Amino acid sequence: MSDIPQERRVVTAIPGPKSAELQARRVAAVAAGVGSTLPVFTARAGGGIIEDVDGNRLIDFGSGIAVTSVGASAEAVVRRASAQLADFTHTCFMVTPYEGYVEVCEQLAELTPGDHAKKSALFNSGAEAVENAVKIARAYTKRTAVVVFDHGYHGRTNLTMALTAKNMPYKQGFGPFAPEVYRVPVAYGYRWPTGAENAGAEASAQAIDEITKQIGADNVAAIIIEPVLGEGGFIEPAKGFLPAIAQFAKDNGIVFVADEIQSGFCRTGQWFACEDEGIVPDLITTAKGIAGGLPLSAVTGRAEIMDAAHAGGLGGTYGGNPVACAGALGAIETMRELDLNGKAKRIEEVMKVRLAEMRSKLPNGDIIGDIRGRGAMIAIELVKSGTKEPDAAAAGALAKSCHAEGLLVLTCGTYGNVLRFLPPLVIGEDLLNEGLDIIEQAFARL
Ligand SMILES: *Cc1c(COP(=O)(O)O)cnc(C)c1O
């Protein structure tokens, strides 16, 4: 890890003058459609800290959206990727292959749930992995329909925009979207009309009814779900929902795809979040946390499904770039050596206790409608006091208040009212608690 002091330090306004200067250049040169949560320009980052060009050190509760779980300059990632850079940057795996790609696929076979024969294919982004999972499922089943869920997020390419539930900002004005995509209910416990305890059984029954009656199970190539829904608001489908959907897929020859792009690689305290209910997906898509910040993604799954696409049907110029593969091997090494699953569980313990205390101490504590998530994927859903009416303004105000104090937090949720916490799993417990202090103060100021 780089030698950045693991201490918060605020020496200017946030953003400071140098960031503001860069932001002016950015506004002139970078397309307006590319946003930033906090226009603080990064100089260095590592462990639980992001240091900006003005010398401020922010506590990182974002990990670049769940990417730098091992930190943004993890020793093993830097070492392995640097060595690979010096050896060669690229050959294209489809032209002349290299060992790193194969080794990443071997690691994926070992780490993903299930002891069946597995194969993988590597790509650059999460969206590309999801698109390829659909290609593979269609080639295998010779069917076309794809089922996704309310509040789901799967990316920004044309097919994955179709798979994504939320219109603004992901889809508005960007259609028409890919056909043969169907969306069904998910067991969102907090907002399920008859209560969280009924959500698993009722939502799965509704989803299955819609699939059989409106699409026809025989027409469905794939059912794709995030075992913990990320952008949609860190929704953990109520117990029983995922097993019911996975069983339905199995009974009907449908490829069950777990999109673990955000929830995978120790983020939830397990290698993959679907392990929590003993789910063994047919295919798993991974990206984000896989390579310590280098761009890499994968589809991993049952060998006979993965092999269904004809030779030359999968791939891409950069997919499985050797430097990114070296980064992934470094990230996986770090996860094993530092027991980052254990660290994620500890982060959950600390965060959930502190957040529950905050709720009970606040005079209007019921504005924290729900505290949820697993491992280091924790969120609070904000609502108007005495109701379940989403309060996006409160989430925005809290985030802003945290940013001003040097704590980077992100928002999410279909209603924009969820504050989410995704610290690097290597964050020190002091920084974690200091970040929580800042959140507590932000509530006091709200
Ligand atoms: C981020 C994300 C994607 C898209 O990944 P990109 O690398 O941004 O294309 C897909 N699915 C889930 C669950 C994600 O969180």
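The values are calculated or read from the model by the stated rules, or taken from the named source; none is laboratory data. For clarity, every value in this text was computed on a predicted model and none was experimentally measured. All Cβ positions, even for glycine, are placed from backbone atoms using ideal geometry, and neighbour counts span all protein chains on display. When the accessible area is computed, the model is the full protein with side chains, heavy atoms only, and any ligands, DNA or RNA have been set aside. Shrake-Rupley method; radii C 1.70, N 1.55, O 1.52, S 1.80 Å.
Of the residues making up the stretch 133-158, those that are in a helix (DSSP H, G or I), open to solvent by 10 Å² or more (accessible area, probe 1.4 Å) and closer than 16 Å to A249 by Cβ are R138, Y140, T141.
In the set L58, L38, only one residue is under 21 Å from I439 (Cβ atoms), away from the ligand (no atom under 16 Å from the Cβ) and outside any loop (DSSP other than H, G, I, E, B); that residue is L58.
Looking only at the stretch 160-179, residues that are open to solvent by 20 Å² or more (accessible area, probe 1.4 Å) and under 20 Å from the mean Cα position of the chain (by Cα) come to 7 in all.
On inspection, K250 does not qualify as out of contact with any His (no Cβ under 8 Å at 6 or more places or on another chain), farther than 23 Å from T141 by Cβ and basic (K, R).
Of all residues in the stretch 238-277, those being open to solvent by 10 Å² or more (accessible area, probe 1.4 Å), part of a loop (DSSP other than H, G, I, E, B) and in contact (Cβ under 8 Å) with a residue 40 or more places away in the chain number 7.
Residues checked against (1) open to solvent by less than 50 Å² (accessible area, probe 1.4 Å); (2) touching a residue at least 12 places away in the same chain (Cβ under 8 Å); (3) assigned by TED's automatic domain parsing to the domain that holds G62:
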| residue | (1), (2), (3) |
| --- | --- |
| S82 | no, no, no |
| L85 | no, yes, no |
| F88 | no, yes, no |
| C92 | yes, yes, no |
| T96 | no, no, no |
| E99 | no, no, no |
| V102 | no, no, no |
| Q107 | yes, yes, no |
| L111 | yes, yes, no |
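With the structure loaded, tell me whether Y190 is part of a helix (DSSP H, G or I), modelled with pLDDT of 95 or more and either in contact with a strand residue (DSSP E or B) (Cβ under 7 Å, 6 or more places away or on another chain) or crowded, with 24+ Cβ neighbours inside 10 Å (or both) or whether it fails that test. Spelling it out, Y190 is indeed part of a helix (DSSP H, G or I), modelled with pLDDT of 95 or more and either in contact with a strand residue (DSSP E or B) (Cβ under 7 Å, 6 or more places away or on another chain) or crowded, with 24+ Cβ neighbours inside 10 Å (or both). Answer yes or no as to whether S360 is polar (S, T, N, Q), touching an Asp or Glu at 6+ places or on another chain (Cβ under 6 Å) and open to solvent by 60 Å² or more (accessible area, probe 1.4 Å). Spelling it out, it is not the case that S360 is polar (S, T, N, Q), touching an Asp or Glu at 6+ places or on another chain (Cβ under 6 Å) and open to solvent by 60 Å² or more (accessible area, probe 1.4 Å). Checked against the criterion of being under 26 Å from R336 (Cβ atoms) and either without any contact (Cβ under 8 Å) to a residue 24 or more places away in the chain or more than 16 Å from the ligand (Cβ to nearest atom) (or both), the stretch 120-130 has at least one qualifying residue.
Here L122 clears all of (1) open to solvent by 20 Å² or more (accessible area, probe 1.4 Å); (2) closer than 16 Å to L294 by Cα; (3) outside any helix (DSSP H, G or I) except the condition numbered (1). Of all residues in the stretch 302-329, those being closer than 17 Å to F88 by Cα and either assigned to a helix (DSSP H, G or I) or open to solvent by 20 Å² or more (accessible area, probe 1.4 Å) (or both) number 11. Cβ separations smaller than 6 Å between residues 6+ apart or across chains give the following pairs from the stretch 287-308 residues that are within 12 Å of the ligand (Cβ to nearest atom) to residues that are assigned to a loop (DSSP other than H, G, I, E, B) and open to solvent by less than 10 Å² (accessible area, probe 1.4 Å): G289/S69; G289/F265; G289/R267; I290/F265; I290/L296; S297/A287. All told, T268 meets the bar of being within 16 Å of the ligand (Cβ to nearest atom) and at pLDDT 95 or above. Of all residues in the stretch 382-389, at least one satisfies being more than 19 Å from A444 (Cα to Cα) and either open to solvent by less than 30 Å² (accessible area, probe 1.4 Å) or without any contact (Cβ under 8 Å) to a residue 40 or more places away in the chain (or both).
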